[in-house]
1. Subtract the Cα-Cα distance of Phe60 and His47 from 0.36 nm times their separation in residues, and report this length gain in nm to one decimal.
2. Nearest 10 degrees is fine. How inclined is helix 33-43 to the longest principal axis of the chain, computing both from alpha carbons?
3. Quick check: pseudo-label points 7 Å beyond the Cα along Cα→Cβ at Leu33 and Phe10, how many nm apart are they?
4. Please report, to one decimal in angstroms, the Kirkwood hydrodynamic radius of the chain built from all distinct Cα-Cα pairs.
5. From the backbone phi of segment 8-18, what are the Karplus-calculated ³J(HN,Hα) couplings (6.51 cos²θ - 1.76 cosθ + 1.60, θ = phi - 60°) in whole Hz, Gly and Pro given as x?
6. Only helical DSSP H runs with n ≥ 4 go in: add -39500 (n - 2.57) per run for the chain, normalise by residue count and round the 222 nm mean residue ellipticity to 500 deg cm²/dmol.
7. Normalised by the residues of the chain, what does the relative contact order come to in percent, with Cα pairs under 8 Å and at least six apart?
Amino acid sequence: MTTSGHVLYFGPQMSLLYTGGVTASRGHIGDSLGKFELLKRIKATSHQGKYISDVYGCGFGGKVWR
């Protein structure tokens, strides 16, 4: 990850189900497609596929967090 605001969500089997942001733009407050998709995956009883969303935030200054 290289940007603040980046969210990773792993399912019960440790499979990555969501990667991305949860805001519609930098500094945005409120609903967004990323937030909707993340919540849908958290509430799901069966998990299928990974959802990838854009991330808006500040960069970590060239540092990559893994």
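Bear in mind these aren't lab numbers, they're just calculated from the coordinates by the rules spelled out. In this text, all values refer to a predicted model and were calculated from it rather than measured experimentally. Ideal geometry is used to build each Cβ from the backbone, glycine not excepted, and the neighbour counts take in all protein chains shown.
1. Length gained, Phe60 through His47: 1.6 nm.
2. Long axis of 33-43 versus the principal axis of the chain: about 40 degrees.
3. About 2.7 nm, to one decimal.
4. Kirkwood hydrodynamic radius for the chain: 12.4 Å.
5. Calculated HN-Hα couplings, in order: 10, 10, 10, x, x, 8, 6, 8, 6, 10, 8 Hz.
6. -5000 deg cm²/dmol
7. Value for the chain: 44 percent.
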